[in-house]
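Colleague: Sharing a structure with you now.
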Amino acid sequence: MQRKERTVRMTTKTEYRLENLSCANCAMKFENNVKSIPSVTEATVNFGASKLSFTGDATIEELQAAGAFDGIQVVPLTKRDPDPKIPFFRRKENIVTILSLIFVIAGMFFTYRDVPHPTVATVLFAVAILIGGTGMFITGIKNLVRFDFDMKTLMTIAIIGAAIIGEWQEAAVVVFLFAVSEALEAYSMNKARQSIRQLMDIAPASALVKRDSGIIELPTEDIRVGDILLVKPGQKIAMDGIVKSGRSTVNQSAITGESVPVLKQVEDEVFAGTLNEEGALEVTVTKLVGDTTIAKIIHLVEDAQAEKAPSQKFVDRFAKYYTPIIIGIAILVAIVPPLFGGDWHTWVYQGLAVLVVGCPCALVVSTPVAIVTAIGNAARQGVLIKGGVYLEEMGRIRAVAFDKTGTLTKGYPEVTDFIVENGEKRTILEAVAAVESMSQHPLARAIVDYAENEGAGVADIQNFQSVTGRGALGEVDGTVVHVGSMKWTSELAEVPAEMKKRAEELQLDGKSVMAVLFNQTFKALIAVTDPLREESADVLRKLKEVGIRHTVMLTGDDERTAEAIAMQAGVTDVRAALMPEDKLTAVKGLIGKYDRVAMVGDGINDAPALAASSIGIAMGGAGTDAALETADIALMADDLRQLPYTIKLSRKTLQIIKENIMFAIGLKIVALLLIIPGWLTLWIAIFADMGATLLVVLNSLRLMRIHK
């Protein structure tokens with residue numbers, strides 16, 4: 001039965017997890033091997049996520065054969081990544097490294113103790129070479145036959161060559177150091193991949209579900225839309241849903257990056273992986289486990305890590321020519337000097353050392369490790385970056401364009417001023433709330449909410465009427481109450497000159513002003529506006545600090561309202577009364593002037609401008625599918641303070657990628673220059689290669705320390 005399952009062929013796009021994938025060079029080779037399978041039309045290996053995606057008709061056996069050169073295992077894609085938390089002494093690479101070290105030490109003991117039988121030392125070194133390098137030799141020889149020169153091919157030539165010229169001790173030490181390098185690289189990449197595993201571990205694997213048969217615990221894969229989850233205090237919410245009953249604060253930091261818990265009550269939306277803090281909740285499930293917000297984030301982060309950044313594409317192209325050049329230099333070093341009277345033994349040895357120095361591992365891994373680490377860190381901070389190309393591009397941004405409503409402002413109206421001419425404020429507010437509670441106007445909800453926040457009730461109302469474009473009226477406790485525009489109310493009653501002047505001042509500040517009449521007698525002014533976000537001004541100041549040369553606000557609102565908000569926020573360039581096509585034109589003009597421009601909007605209304613910008617950034621909010629799908633970067637908590645952090649992270653990533661490439665090439669150049677005085681040895685060569693790889697990986701892991 002198991003055999004049948006393994007040989008089933010699939011013609012749709014299929015994904016598998018990969019085990020034992022620790023080398024970026026191996027990932028590239030495995031991808032090419034899979035593509036060469038006749039029944040496969042397309043294949044992509046995601047090195048950062050250890051995942052294979054392919055389209056075509058291929059069996060697991062064929063895929064396993066494609067990865068056999070490096071022992072890559074293909075395993076079914078499950079909800080949770082198989083976390084390789086294997087004890088130290090059960091890891092194959094660690095066992096191989098330790099055994100190789102033991103035989104190297106034993107060989108050195110017999111070498112330097114002047115034992116009567118020096119062949120014993122040679123045998124011990126040979127055993128060390130076989131233990132530490134058998135897998136490498138098998139792969140290297142196969143590649144050599146096919147003229148496929150990768151890192152293991154170069155190492156194989158160098159080790160065999162060293163043994164032929166009698167340098168057994170050096171060959172054994174080089175194999176041991178190479179094994180150490182492989183073990184450390186595997187460890188470092190596992191650390192980098194923890195960013196995805198931590199995301200996967202956010203949501204619980206099971207939950208308490210209330211069904212007709214009672215309360216049962218089910219795996220999340222078995223939970224259906226419409227099920228009722230019981231979430232106790234201190235438990236994580238397992239699925240996206242709507243609160244059916246209960247009231248509690250929920251910590252959403254895992255999804256949105258918000259540090260402050262959010263109050264959730266009936267009809268509020270909650271997300272899988274968030275922590276219920278103090279009250280019990282019943283939640284109606286709205287999405288299956290594979291469709292939850294956290295599942296989409298994980299999928300997009302994995303796809304982002306598979307997206308090759310410009311730097312990585314450059315390195316891949318460079319490495320393609322780099323390896324043959326190194327082989328050519330090694331041949332020249334080994335052959336040319338002896339032809340002019342040099343020592344063949346010495347120069348062949350130097351040529352072998354050049355091959356070891358030339359291993360492209362550090363160069364190939366220089367970019368993907370940095371990209372994987374940065375994107376994973378950003379996801380944990382509530383910023384979804386959809387690819388390495390966008391991460392790098394963000395680091396080069398010179399100007400940022402903002403939409404106004406919902407981006408620089410909160411996106412919903414609030415009462416900012418309630419000015420009473422005569423009478424008791426509470427009585428007037430209760431009457432106004434009564435009228436507005438019957439209205440469908442967008443500003444009406446803001447007035448009712450204001451009354452509730454001020455502790456005012458809603459009075460009984462009769463004979464309510466809505467006057468389109470002007471306002472509304474109704475009878476409250478025998479008093480006819482009008483609430484409407486200044487123009488309409490001025491036609492019905494005399495508005496005091498002082499109140500008219502105050503209304504004009506409020507309108508100049510970009511606020512919508514309404515008047516209140518009791519029996520056609522002026523009583524109060526109400527000013528409503530979409531207020532500036534508390535953090536907007538601070539964010540714009542920080543953007544200048546991180547090197548953004550220009551900020552601009554693009555809005556469809558009238559010029560007076562736009563200027564008022566811009567003044568509060570500190571934006572000097574304001575483009576108002578814009579249609580979507582006008583915003584598009586404005587963004588194109590900014591690109592012509594500043595080269596790289598980011599557009600920050602809501603992900604839907606600003607779609608043309610977002611698409612035209614160098615980087616589209618959505619204030620989408622957790623769970624907003626449109627934001628996750630349309631933007632290059634999504635700020636999951638609708639928090640503008642994540643924007644300077646994202647730019648800082650992107651620029652630091654660019655810096656680290658450049659440093660990595662310099663480390664990878666620079667160390668090798670220094671080692672190659674040692675050929676001139678004849679100081680280059682196999683030991684120095686492997687240390688240079690291993691040192692470059694470790695420097696690159698450890699330098700990339702510094703990106704995990706960048707926070708908001």
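Colleague: Give me the one-decimal nm value for the distance between modelled label points at Lys210 and Lys658, 7 Å along each residue's Cα-to-Cβ direction.
Modeller: 5.9 nm
Colleague: Percent relative contact order of the stretch 472-542, based on C-alpha pairs within less than 8 angstrom and at least six residues apart?
Modeller: Numbers: 88 pairs, mean separation 21.1, N = 71.
Once divided by the residue count of the stretch 472-542, the mean separation gives 30 percent.
Colleague: If you don't mind, there's one more thing I want to ask. In nm, give the distance between the simple-model label positions of Thr59 and Lys501, each being 7 Å from the Cα along the Cα-to-Cβ direction.
Modeller: 9.2 nm
Colleague: Another one. Of all accessible surface on the stretch 204-295 at a 1.4 Å probe, what whole percent is carbon and sulfur? Provide the component values of the computation, followed by the final result.
Modeller: Details: 2200 of 4200 Å².
That share works out to 52 percent.
Colleague: May I ask you to compute the full-extension gain from Ile331 to Asn453, defined as 0.36 nm times their residue separation minus their alpha-carbon distance, rounded to one decimal in nm?
Modeller: Details: separation 122, 0.36 × 122 = 43.92 nm, distance 8.21 nm.
Contour length minus the Cα-Cα distance gives 35.7 nm.
Colleague: Shifting gears a bit: Which residues' amide hydrogens lie under 5 Å from the amide hydrogen of Thr416, considering only partners 5 or more residues apart or on another chain, with H built in the peptide plane?
Modeller: Ala527, Val528, Thr529
Colleague: Got a sec? What order do Ile327, Ile98 fall in by accessible area at 1.4 Å, biggest, i.e. largest, first? Before the final figure, lay out the partial values.
Modeller: Numbers: Ile327 30, Ile98 60 Å².
If we order Ile327, Ile98 from most to least accessible, we get Ile98, Ile327.
Colleague: Shifting gears a bit: Go through Ser213, Ser613 and list them by solvent-accessible area, largest first, probe radius 1.4 Å.
Modeller: Numbers: Ser213 105, Ser613 10 Å².
Result of the area sort, largest leading: Ser213, Ser613.
Colleague: With θ set to phi - 60° and the Karplus curve 6.51 cos²θ - 1.76 cosθ + 1.60, what are the ³J(HN,Hα) couplings of the stretch 214-225 in order, to the nearest whole Hz, using x for Gly and Pro?
Modeller: My calculation for the stretch 214-225 gives x, 9, 10, 9, 10, x, 4, 5, 9, 7, 9, 4 Hz in order.
Colleague: May I ask you to compute the full-extension gain from Gln73 to Arg426, defined as 0.36 nm times their residue separation minus their alpha-carbon distance, rounded to one decimal in nm?
Modeller: Numbers: separation 353, 0.36 × 353 = 127.08 nm, distance 7.23 nm.
Gain on stretching Gln73 to Arg426: 119.8 nm.
Colleague: Across the stretch 562-576, in residue order, what do the Karplus-derived ³J(HN,Hα) couplings come to in whole Hz, using 6.51 cos²θ - 1.76 cosθ + 1.60 with θ = phi - 60° and x for Gly and Pro?
Modeller: 4, 5, 5, 5, 4, 5, 5, 7, x, 8, 9, 9, 10, 10, 10
Colleague: Ranking request for peptides 376-383, 277-284: highest mean number of other beta-carbon atoms within 10 Å first, then the rest in descending order.
Modeller: On the way: 376-383: 23.1, 277-284: 17.5.
The peptides rank, most packed first, as 376-383, 277-284.
Colleague: Any idea what the relative contact order of the stretch 462-611 is, in percent, if you count C-alpha pairs under 8 Å spaced at least 6 apart? Could the numbers behind the result be given before it?
Modeller: On the way: 200 pairs, mean separation 22.0, N = 150.
With pairs under 8 Å counted, the relative contact order is 15 percent.
Colleague: Can you give me the solvent accessible area of Ser700 with a 1.4 Å probe, rounded to the nearest 10 Å²?
Modeller: Number for this one is 0 Å².
Colleague: Taking R0 as 60 Å, what FRET efficiency do you get between Lys92 and Arg560 from their Cβ-Cβ distance, rounded to the nearest 0.05? Don't jump to the answer; show the numbers that get you there.
Modeller: Values: r = 71 Å, r/R0 = 1.18.
Using R0 = 60 Å, I get an efficiency of 0.25.
Colleague: Glu491 to Lys244: FRET efficiency via 1/(1 + (r/R0)^6), r the Cβ-Cβ distance, R0 56 Å, to the nearest 0.05?
Modeller: Values: r = 49 Å, r/R0 = 0.87.
The value I calculate is 0.70.
Colleague: What is the spin-label model distance, in nm, from Lys544 to Asp460 if the labels are put 7 Å beyond Cα along the C-beta direction?
Modeller: Distance between the two pseudo-spin positions: 5.8 nm.
The values are calculated or read from the model by the stated rules, or taken from the named source; none is laboratory data. Every value quoted in this text rests on a predicted model; they were computed, and no experiment measured them. Counting neighbours? That spans all protein chains shown, and the Cβs are built from the backbone with ideal geometry, glycine included. In case anyone asks, the SASA skips ligands and DNA or RNA and just uses the protein heavy atoms, side chains included. Shrake-Rupley method; radii C 1.70, N 1.55, O 1.52, S 1.80 Å.
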